[in-house]
Amino acid sequence: MTTKTITMKNISYKNIASPKGFQATGIHCGLKHKKKDLALLVSDVPASVAGVFTTNAIKAAPLLITKDVVYETGKMQAIIVNAGNANACTGKQGMADAYSMQKLTAEKLGIDQSLIGVASTGVIGELMKMEPVTTGIQKLEPVDELEGAIDFSLAIMTTDTVTKNTTYQTIIDGREVIIAGTAKGSGMIEPNMATMLGFITTDANIESNHLQDALKAITDVTFNAITVDGDTSTNDMVIVMANGMAGNNTLTPDHPDWENFVETLHTVSQDLAKMIAKDGEGATKLIEVEVKGAITDIEARKIAKTVVGSPLVKTAIFGNDANWGRIIAAVGYSGATIDPNAITILLGTTKVVENGEPVPFSEDDLIIYLKQPEVKIFVDIHQGNGQGTAWGCDLTYDYVQINATYRS
């Protein structure tokens with residue numbers, strides 16, 4: 001059996017407005033004191049849309065509106081985004097305000113209201129200040145240039161320290177297809193699907209149902225494989241818009257270039273997920289946990305995410321402490337099927353546990369390794385063929401400081 005070669009390359013000079021027919025912008029409207037806080041992403045034509053949304057039972061008003069657009073309309077032409085106010089737990093007035101943002105954006109662009117998504121991020125439980133939002137929407141002028149994409153990514157940030165952007169190119173039916181993404185997320189990161197805003201654009205031609213299936217499968221191994229602090233947000237989502245302007249034949253799982261598209265979308269999603277994990281509030285290190293030998297891939301991912309989400313593991317990594325006991329303890333309470341006498345653990349390339357027993361190692365060498373900005377933990381369960389990876393960050397003094405003063 002032959003394996004198809006995936007055609008894909010990273011293009012650092014491209015951005016979320018680079019796929020044909022997309023424009024973006026971001027401005028300061030007054031929800032925040034100084035920083036940009038209102039953003040708009042637009043397609044020239046209605047795009048097929050897919051979305052994944054928070055599993056928190058409490059869902060913010062804008063998320064409910066966008067969910068309806070994704071699942072009922074199946075098309076989206078624009079999404080309006082604000083930072084500084086989550087518009088969550090705001091009752092009937094919050095829903096009215098979210099609908100107002102949708103309506104004002106539709107009128108601004110001259111398109112049907114049912115094609116407009118709405119996303120908000122910020123403080124929960126405060127009513128939206130609609131006067132600056134209303135005025136701000138009228139000032140939004142999206143462009144298909146780098147400046148507009150940068151302004152968009154800046155305007156969706158909350159406690160993020162950096163913007164998060166990635167772009168790849170693939171070939172479908174001999175045509176160049178671009179998939180680009182931008183995201184925000186730093187705290188309240190325990191997706192399933194939540195705690196971030198992610199926006200992905202592509203000029204690929206694909207129907208919404210196939211796009212949704214691809215995004216759901218990809219989300220399980222990317223956005224849902226990260227954690228910062230174990231909190232699941234009320235607001236957050238990942239949206240993919242595909243406007244078809246690349247002119248390829250309609251993508252389906254039977255299309256000869258389907259794997260090119262799915263692998264490129266997966267890579268964009270994984271890049272964004274890792275950027276979010278690395279930029280966890282107060283974080284100094286990205287932690288990657290790779291698990292193999294589990295009963296299933298699902299169990300492997302469960303173990304990986306349990307380890308990377310353990311506060312004791314996270315603080316040990318922050319303190320450059322090769323305390324593998326915290327790792328094996330997290331494996332044990334993950335709920336997965338294990339044999340305590342068959343577990344192997346490596347920190348980087350250094351084996352610290354084999355068949356459930358300690359292996360002598362150099363503490364000094366591991367301290368040097370643990371001081372690196374990216375730390376990898378490898379766990380082999382020796383129970384099956386399941387594999388999975390999860391990403392997170394260390395837990396630092398600054399995380400407490402940031403969240404102790406979030407509303408200040």
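The values are calculated or read from the model by the stated rules, or taken from the named source; none is laboratory data. Note that the coordinates shown come from a computational prediction; the quantities given were computed from them, not determined experimentally. Glycine gets a Cβ as well: all are built from the backbone with ideal geometry, and neighbour counts include every protein chain shown. Note: areas computed on protein heavy atoms with side chains; ligands, DNA, RNA excluded. Shrake-Rupley method; radii C 1.70, N 1.55, O 1.52, S 1.80 Å.
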Checklist entry - Can you give the accessible area per residue of the chain, in Å², using a 1.4 Å probe? => result 41
Item to check | Violating pairs (Cα-Cα greater than 27 angstrom) within the set Lys164/Lys292; Lys36/Lys371; Lys32/Lys139 | outcome: Lys164/Lys292; Lys36/Lys371
Checklist entry - Convex hull over the alpha-carbon atoms of segment 65-215: what's its volume per residue in Å³? => result 135
Item to check | Dipole magnitude of the chain, debye to nearest 20 (Cβ charges: Lys/Arg +1, Asp/Glu -1, about Cα centre) | outcome: 760
Checklist outcome for this item: Note: segment 251-404 at 10 °C, 1.306 mPa s; Kirkwood Rh on alpha carbon pairs; Stokes-Einstein D in µm²/s works out to 97
Next on the checklist: Counting just the Cα atoms, what span does segment 1-144 cover along each of its three principal axes? Round to the nearest Å and put the largest first.
Outcome noted: 58, 34, 29
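In terms of the Cα gyration tensor, with a ≥ b ≥ c the square roots of its eigenvalues, is segment 231-318 rounded because a/c is under 1.5, prolate because a/b exceeds b/c, or oblate?
Working: a/c = 2.79, a/b = 1.78, b/c = 1.57.
Taking the square roots of the gyration eigenvalues as a ≥ b ≥ c, segment 231-318 is prolate.
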Checklist entry - Expressed as a fraction of 2.2 N^0.38 Å, the rule-of-thumb size for a compact globular protein of N residues, what is the C-alpha radius of gyration of segment 315-389? => result 1.09
Checklist outcome for this item: Of the DSSP H helices in the chain, the ones reaching 15 Å or more along their long axis in Cα terms and averaging at least -0.5 in Kyte-Doolittle hydropathy are 208-221, 258-278, 297-309
Item to check | Mean projected area in nm² (Cα convex hull; one quarter of hull surface) for segment 31-97 | outcome: 5.5
Checklist entry - Summing -39500 (n - 2.57) over the DSSP H runs of n ≥ 4 in the chain and dividing by its residue number, what mean residue ellipticity at 222 nm do you reach, to the nearest 500 deg cm²/dmol? => result -9500 deg cm²/dmol
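If you rank Tyr71, Tyr168, Tyr13 by how much accessible surface each has, with a 1.4 Å probe, what is the order from largest down?
In descending accessible area the options line up as Tyr13, Tyr71, Tyr168.
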Item to check | From the C-alpha gyration tensor of segment 97-159, square roots of 5λ in Å | outcome: 19, 18, 11
Item to check | Mean projected area in nm² (Cα convex hull; one quarter of hull surface) for the chain | outcome: 20.0
